[in-house]
Amino acid sequence: MNRRKLIIVVTSFLMVLSMSACAKPVSNVDVPEVVSIDPQYINTVLDTLISEEFTGRLPGTDGNKKAEEFLQSEMETIGLSAPEFASSYLHGFDLLVPLKQKVTEFELVDVDGAVVQKFDFGDDFTEYIARDFAMGIGEFQGAYTIVDDPFVVGKVDEMTEDDIWVFSRNATASSSYDAFFKSVLNSDRKPKVIIYESDQLNNDHFILSPYTGLMQHNDNENGVLIYRVSPGAFQMIKDADQKFLKVSTAADVKTVEVSNVVGMIDGKSDHGYVISAHFDHLGDNLDGTVNYGALDNASGVSAMMALAEAMVRDGEQELDYYFIAFNGEEEGLHGSTAFVRDNFLDVDKFKIINMDMLGSNTPIEFEISATHPQSTELSQWIFENAKEYGINAITSNIGASDHFPFEQAGFAAVTLIEFDKRFYHTPYDTKDASIDLEHLADLTQFVFELLQ
Ligand SMILES: [Zn+2]
């Protein structure tokens, strides 16, 4: 699940809930033998994706490459074919990504530079590097000024000589962060470091996001170092006797080549479904914690692979099925965007069912999410069948996952999601904390029966 696109709720289109004439519940009556999803296989794929070796699957790292290779080999093992456009199951694309070199440092110091308080990455602060106006790399030490009143550009001249500006929530409340940063950075007198108070924490940990849609490069001439601090850390900074801070971020922002992993079942007809799930996640925090992304989205990938395995076992299929493990989703839906851009599939022949965050161990609604009118019929069909199956389903219009680029290109496409925010985009999203395997297997079985 991609945080940036979630915040921009993409369209105000209202899902028309009760108008689809084609919606027809799956009937069990004339299906004598239903193949069962293998829950053990779900567990195996899940455990592998969240293993230490894969280190959170961040694009551009060894862990991501290993996940690619694992899925490639699994697709071959379970008997999926490699499509013509991805002869070794890999569809490559380029991605600009910030690769951190060390954990970011953020300290209160005294006038001589001695450390007064060392803050914890994740709990107390995070860096903010993935934007066109932010520096990905650098360090700075100096005096700071607290800005508590709502900030307006006209006030810039009144600022002190200090090069670090620390903004309270009150100071930034009146505008969006983008507008706020731009107003600061377009002024004649701009700081070297911006720090702002933020309460975007889950389970007392900052929600991490590598969104890179607007990122350019490391050595951004006009960029400044930007950090978010928790309300608790802000208070300590505000109350400090000697107001000096020392910050240091080391990230390598570079273009890497990564791949989506694609396998298929060539059915009797020339149309069918894309079943997809992103396998990338947020990687290693380099502070001893790793973002394992069990729910987001090892869960969806293991469901997709188990679905593929069951379909191969089921024998010849009427329709074509493409199974795509997307890469680069967390940075801004890059894998699905590249796939759609390369134009492999006919918009009139394929529908997309994307799975992102499924099998949560807390009671939560099963959302069928889509944003464009052409997806309504598909969404409604899944919704009615899910109700029939006994699932607590709702429809919603979030564009924050890999269905969205398909919708923009005219495909009917949905994401199935249980958006459990408890550990979302923190190192706490682990199998034990987030996942109910039996529930995940049940949802996978539902999708399997839906497609029969
Ligand atoms: Zn995510």
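Within segment 214-228, the presence of at least one residue that is within 22 Å of the chain's Cα centre (by Cα) and modelled with pLDDT of 90 or more is confirmed.
Filtered by the rule that a residue be crowded, with 24+ Cβ neighbours inside 10 Å and either more than 15 Å from the ligand (Cβ to nearest atom) or under 18 Å from residue 71 (Cα atoms) (or both), segment 283-293 gives 283, 292, 293. Listed here are the helices (runs of 4 or more DSSP H) enclosed by segment 309-417 that have at least 1 residues being aromatic (Phe, Trp, Tyr), within 18 Å of the chain's Cα centre (by Cα) and surrounded by fewer than 24 Cβ atoms within 10 Å (Cβ to Cβ), and there are none. The requirement of being of a type outside the set (D, E, K, R) and part of a strand (DSSP E or B) is fulfilled somewhere in segment 431-443, by at least one residue.
For residue 329, indicate whether it is away from the ligand (no atom under 16 Å from the Cβ) and among the charged types (D, E, K, R).
It is false that residue 329 is away from the ligand (no atom under 16 Å from the Cβ) and among the charged types (D, E, K, R).
Each residue in segment 242-275 was checked for being closer than 30 Å to residue 446 by Cβ and either more than 23 Å from the chain's Cα centre (by Cα) or not assigned by TED's automatic domain parsing to the domain that holds residue 90 (or both), and 9 of them qualify. Going through (1) part of a helix (DSSP H, G or I); (2) away from the ligand (no atom under 16 Å from the Cβ); (3) surrounded by 24 or more Cβ atoms within 10 Å (Cβ to Cβ) one by one, residue 301 falls short only on (2). Can you pull out the residues in segment 168-188 that are part of a loop (DSSP other than H, G, I, E, B) and out of contact with any helix residue (DSSP H, G or I) (no Cβ under 6 Å at 6 or more places or on another chain)? Within segment 168-188, 168, 173, 174, 175, 176, 186, 188 qualify. Please determine, by comparing only the residues of segment 255-282 that are in a loop (DSSP other than H, G, I, E, B) and surrounded by fewer than 22 Cβ atoms within 10 Å (Cβ to Cβ), which one is farthest from the ligand (Cβ to nearest atom). My answer is 268.
When residue 191 is tested against the conditions (1) surrounded by fewer than 15 Cβ atoms within 10 Å (Cβ to Cβ); (2) assigned to a loop (DSSP other than H, G, I, E, B); (3) modelled with pLDDT of 75 or more, the lone failure is (1).
The values are calculated or read from the model by the stated rules, or taken from the named source; none is laboratory data. All of these numbers come straight from a predicted model, not from anything done at the bench. FYI the Cβ positions are ideal-geometry reconstructions off the backbone, even for glycines, and counts take in every protein chain you see.
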